[in-house]
Amino acid sequence: MIYLVLIYTVIILFTVPDLVKRKLKKELAVFSVLCFIAFVLGLLYVLDVPIPSPMKGLHKLIVEKWGIRYPKQ
Amino acid sequence: MNVEKGKICSMQLFFLFAGFVQGSVLLVDFAIGISESQTWMVILIGLGLAIPFVLSYVALAKRFPGMNVVQINDAVYGRFLGKTLSLYYIFFFLMTLSFNIRDVGELYITFLMPDTSFIFLLVAFSATCAYAVSKGLEVLARISHLIALIGIFVPICTTILLIDQMDFSNFLPLFELPFARMLHGIHIMMAIPFCETLVFLMIMASLDKAEKAKKSILSGLLVGTVSLFIVAVRNTAVLGNTQTIWTSPSFQSTRLIDIGTVLTRMDFLIGIAQTFLIFFKCCLFLYASVTAIAQIFNLKTYIPLVLPVAGIEVILAATVFQSKVDHAEISQNAGIIYSAPLMFLIPPLTLLIAKLRNLPNKGGKNDS
């Protein structure tokens, strides 16, 4: 948890002042959103909250629901 | 306006392509469980069938010089459908990147550093990739020849050292594989090492002379395939049918090297080579992901996005599969099926629509 906060503090301190100085508002907005998603995912992982896997969902949809798969060996 | 300002030459594209295909050498193991001793044949057929699709990617890049796939989609399909397709590409880049980062973690946990924390390995590896990508495409292109040389040098060396343990009767009987398994193996081979190269639709926009792309790409594809072919032949000749039961046949076969009890435990060579090769492949996927995201939002630079995307990828890589069995099962089925339209349908279709609509128009209206 401490490492997670530390890592993202360093990332923000290294990136944000430069973006503000160069007045790159759109870049700052996209960076903030991605950083927030990354931090929340990291936090959920650290707190042992199960994170749904997109591939598991796709596997269920394609293989189990639609039945598209290669025959079992 | 393209988000990447750097330029690469056709020779660098050749090494980038060869290194990228060689980066899938660990993933040949997915096909080994299905195609067994016929893996070498599956690689060659896969190459033959993948070449027209790879050429369609090159034709697309040549038709829209200086434009990456996000810009091409906008130009051909319009803003809404184009952006939707671009999101599909980004999803593919991000998922494939997470699989490859996980591959490195699993490689280290299983064979090299079993007591190290899995998440620490993923963080360290992703941070290194992020550092390389933040230096730009030109830097990656400048190191590509070293990566490609490692990718060809290590399989050749280990094969020579294993010649005395090879039994070529392990390849017999030929053509005994059922058609469905052969088809499955070919699909895996086409999708994973060969058609994943659609990531180059984000890179070929930076080529200084787009007309030379075809020669570089085909030569790179050939060199990469030679590496994969050598690895498949070596593993089958040394391990025979037992190759299907090992977690990593490449590690197992090189562990058997014993030259006068002096040259032993050469599996560290495989560890080093695969780390470099997958690192390179991950860098190209991370580069493609961040440039595509930056292009979709029309940003001036992609560099601020590198670290957050790498952070997302670490967690995706840690949670996308529960185990190695899960990894193999999903990659062999849903993994290759969901990406099939992206690899085999959309690029040729885009090319056809561009030809029918006579795009790009000389007025430059479609450079969105």
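The values are calculated or read from the model by the stated rules, or taken from the named source; none is laboratory data. Note that the structure is a prediction, hence the values are computed from the model and not measured. Using ideal geometry, Cβ is built from the backbone for each residue, glycine included, and neighbour counts are taken over all protein chains shown. Just the protein is used for accessible areas: all its heavy atoms, side chains included, with ligands, DNA and RNA removed. Shrake-Rupley method; radii C 1.70, N 1.55, O 1.52, S 1.80 Å.
Between B:91, B:80, which is surrounded by fewer than 19 Cβ atoms within 10 Å (Cβ to Cβ), within 14 Å of chain A (Cβ to nearest Cβ) and over 15 Å from the mean Cα position of the chain (by Cα)? Working first, answer last.
Details: B:80 fails: within 14 Å of chain A (Cβ to nearest Cβ).
Answer to the check: B:91.
Determine if the stretch B:289-299 includes at least one residue that is among the hydroxyl-bearing types (Ser, Thr, Tyr), within 25 Å of residue B:194 (Cβ to Cβ), within 14 Å of chain A (Cβ to nearest Cβ) and crowded, with 22+ Cβ neighbours inside 10 Å.
yes
Could you list, in sequence order, all residues of the stretch B:205-218 that are open to solvent by less than 10 Å² (accessible area, probe 1.4 Å) and within 16 Å of the chain's Cα centre (by Cα)?
Hit for the stretch B:205-218 is B:217, nothing else.
When only residues in the stretch B:113-125 that are under 21 Å from the mean Cα position of the chain (by Cα) and within 11 Å of chain A (Cβ to nearest Cβ) count, which is most open to solvent (accessible area, probe 1.4 Å)?
If we take residues in the stretch B:113-125 being under 21 Å from the mean Cα position of the chain (by Cα) and within 11 Å of chain A (Cβ to nearest Cβ), then B:123 is most open to solvent (accessible area, probe 1.4 Å).
Considering only the stretch B:300-312, state which residues are in a helix (DSSP H, G or I) and within 9 Å of another protein chain (Cβ to nearest Cβ).
Within the stretch B:300-312, B:303, B:304, B:305, B:307, B:308, B:309, B:310, B:311, B:312 qualify.
Okay, residues lined up against (1) open to solvent by 30 Å² or more (accessible area, probe 1.4 Å); (2) of a type outside the set (A, V, I, L, M, F, W, C); (3) over 26 Å from residue A:51 (Cβ atoms):
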residue	(1), (2), (3)
B:272	yes, no, yes
B:312	no, no, no
B:324	yes, yes, no
B:339	no, yes, no
B:348	yes, yes, yes
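Which residues, counting only those in the stretch B:219-241, are farther than 30 Å from residue B:52 by Cα and open to solvent by less than 60 Å² (accessible area, probe 1.4 Å)?
Listed by number, the residues that qualify are B:237, B:238, B:239, B:240.
Conditions tested, residue by residue: (1) farther than 30 Å from residue A:72 by Cβ; (2) aromatic (Phe, Trp, Tyr); (3) within 14 Å of chain A (Cβ to nearest Cβ); (4) open to solvent by 20 Å² or more (accessible area, probe 1.4 Å).
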{"site": "B:4", "(1), (2), (3), (4)": "yes, no, no, yes"}
{"site": "B:16", "(1), (2), (3), (4)": "yes, no, no, no"}
{"site": "B:30", "(1), (2), (3), (4)": "no, yes, yes, yes"}
{"site": "B:37", "(1), (2), (3), (4)": "no, no, no, no"}
{"site": "B:85", "(1), (2), (3), (4)": "yes, no, no, yes"}
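Would you be able to tell me the number of residues in the stretch B:22-36 that are charged (D, E, K, R) and out of contact with any Leu (no Cβ under 8 Å at 6 or more places or on another chain)?
Total satisfying the criteria: 1.
Please state which of the following conditions residue A:70 fails to meet, knowing it meets all the rest: (1) outside any helix (DSSP H, G or I); (2) open to solvent by less than 70 Å² (accessible area, probe 1.4 Å); (3) more than 7 Å from chain B (Cβ to nearest Cβ).
Of everything listed in (1) outside any helix (DSSP H, G or I); (2) open to solvent by less than 70 Å² (accessible area, probe 1.4 Å); (3) more than 7 Å from chain B (Cβ to nearest Cβ), residue A:70 misses just condition (3).
Run down A:37, A:51, A:62 and say which single residue is within 9 Å of chain B (Cβ to nearest Cβ), surrounded by 12 or more Cβ atoms within 10 Å (Cβ to Cβ), assigned to a loop (DSSP other than H, G, I, E, B) and among the aliphatic types (A, V, I, L, M).
Answer to the selection: A:51.
Only one of (1) touching a Gly at 6+ places or on another chain (Cβ under 7 Å); (2) assigned to a loop (DSSP other than H, G, I, E, B); (3) of a type outside the set (D, E, K, R) is not met by residue B:3, so which one is it?
The number of the failed condition is (1).
Any idea how many residues of the stretch A:11-31 are facing chain B (nearest Cβ under 9 Å) and part of a helix (DSSP H, G or I)?
Total meeting the criteria: 12.
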